[in-house]
Amino acid sequence: MQDIQKFEISLSTVLKKKEKACNIHSLFSYQYTVGIGVSEKLHVFEERSKRYQYKTCILLSNEIREGTKAAYPVDELEDCCCIITPSCLEEANFYATVLHEFVHCYQSRTSESDIKEVLEIYQHAFNSQDYMWEINHDFPYTNPDFLKLIQNISRSNFHDIQEALASLKSTLRNVDYEYMIWQIWKEGFARFIENKILRMNKIPENNVGSDFESSNRTSFYFVGDHIWRQLELWDISLIENIEKVFTVLEGKGN
């Protein structure tokens, strides 16, 4: 019980940052559940009366790995939940991690399913019961056009980005291009919002993935952040219309 009370106090400090983040995006005006995983137990906390309060404990079939920072649907809650472990609460500025995961909860609640269900890569993963496709897809990270995109993204405007994506679309397999756009839309948006929050709190930005010489999945987060920045400059209304952004990234929208 002592740990539960400690968790409640720590999580409640996130709410002041979340309230300020409403100036960044309307997604923070909604309430999100947080689950703290300890071994195979998920301690669930929900926002009530301007603080996080313990709700229930869910017994999971698999142990939650220490250091987990994620957001995914929990059947018992019938909603997407921010999932962390106790060590996260000990990190400096852990609220930024929690708010990052709230972005994914928002995506899950709104347009994520509608977008991914028409993707070839998702349909193949679903049919083959590949539940880890978002992490394990074998993307050609050494593709020269992709490396060029990483290297140039911080000084590219939206027109440059459109040309770079069109070039990649012509050289990548369809599933690889879909995977790239999906990660830019999903993780890039979360990184974009996270960095806005960090800047608002005068904390150095998260630029993991910026090294084009060792590109990997986090490269999409870095690239995606800068693409969302240019999208905001190009048409600020798109930041609140995230479903439309996916069609723009695909090259199907204006």
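The values are calculated or read from the model by the stated rules, or taken from the named source; none is laboratory data. Small disclaimer: the values here were computed from a predicted structure and weren't measured. Virtual Cβ from ideal backbone geometry, glycine too; neighbours counted across all protein chains shown.
Touching a residue at least 60 places away in the same chain (Cβ under 8 Å) and buried (at least 23 other Cβ atoms within 10 Å of the Cβ): is that true of residue 158 in this structure? No: the conditions fail for residue 158.
Considering the conditions (1) surrounded by 15 or more Cβ atoms within 10 Å (Cβ to Cβ); (2) at pLDDT below 95, residue 2 is excluded by exactly one of them, (1). Exactly one residue out of 52, 95 is part of a strand (DSSP E or B) and surrounded by 17 or more Cβ atoms within 10 Å (Cβ to Cβ), and it is 52. Filtering segment 37-47 for residues that are of a type in the set (Asp, Glu), free of Cβ contacts under 8 Å to residues at least 24 places away in the same chain and assigned to a helix (DSSP H, G or I) leaves an empty set. With the requirement that a residue be surrounded by fewer than 19 Cβ atoms within 10 Å (Cβ to Cβ), touching a helix residue (DSSP H, G or I) at 6+ places or on another chain (Cβ under 9 Å) and among the β-branched types (Val, Ile, Thr), what does segment 98-130 give you? Residue satisfying the conditions is 110 alone. Taking (1) assigned by TED's automatic domain parsing to the domain that holds residue 200; (2) modelled with pLDDT under 95; (3) among the charged types (D, E, K, R) in turn, residue 117 satisfies each apart from (2).
Yes/no matrix, rows are residues, columns are (1) of a type in the set (Phe, Trp, Tyr); (2) more than 23 Å from residue 14 (Cα to Cα):
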| residue | (1), (2) |
| --- | --- |
| 167 | no, yes |
| 177 | yes, yes |
| 184 | no, yes |
| 195 | no, no |
| 200 | no, no |
| 217 | no, yes |
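Within segment 192-209, identify whether any single residue is assigned to a helix (DSSP H, G or I) and among the polar types (S, T, N, Q), and answer yes or no. Scanning segment 192-209, I find at least one residue that is assigned to a helix (DSSP H, G or I) and among the polar types (S, T, N, Q), so the answer is yes. Only one of the numbered conditions (1) in contact with an Asp or Glu (Cβ under 8 Å, 6 or more places away or on another chain); (2) more than 28 Å from residue 234 (Cα to Cα); (3) assigned to a helix (DSSP H, G or I) is not met by residue 135, and that is (1).
As a summary of the residue check, residue 244 satisfies the conditions (1) under 27 Å from residue 14 (Cα atoms); (2) part of a helix (DSSP H, G or I); (3) among the basic types (Lys, Arg) except for the one numbered (1).
Right, residue 12: small (Gly, Ala, Ser), out of contact with any helix residue (DSSP H, G or I) (no Cβ under 9 Å at 6 or more places or on another chain) and assigned by TED's automatic domain parsing to the domain that holds residue 87 or not? For residue 12, the condition - small (Gly, Ala, Ser), out of contact with any helix residue (DSSP H, G or I) (no Cβ under 9 Å at 6 or more places or on another chain) and assigned by TED's automatic domain parsing to the domain that holds residue 87 - is met.
One residue stands out in segment 103-132 among those that are in contact (Cβ under 8 Å) with a residue 12 or more places away in the chain and more than 20 Å from the chain's Cα centre (by Cα): the one that is farthest from residue 239 (Cα to Cα), namely 124.
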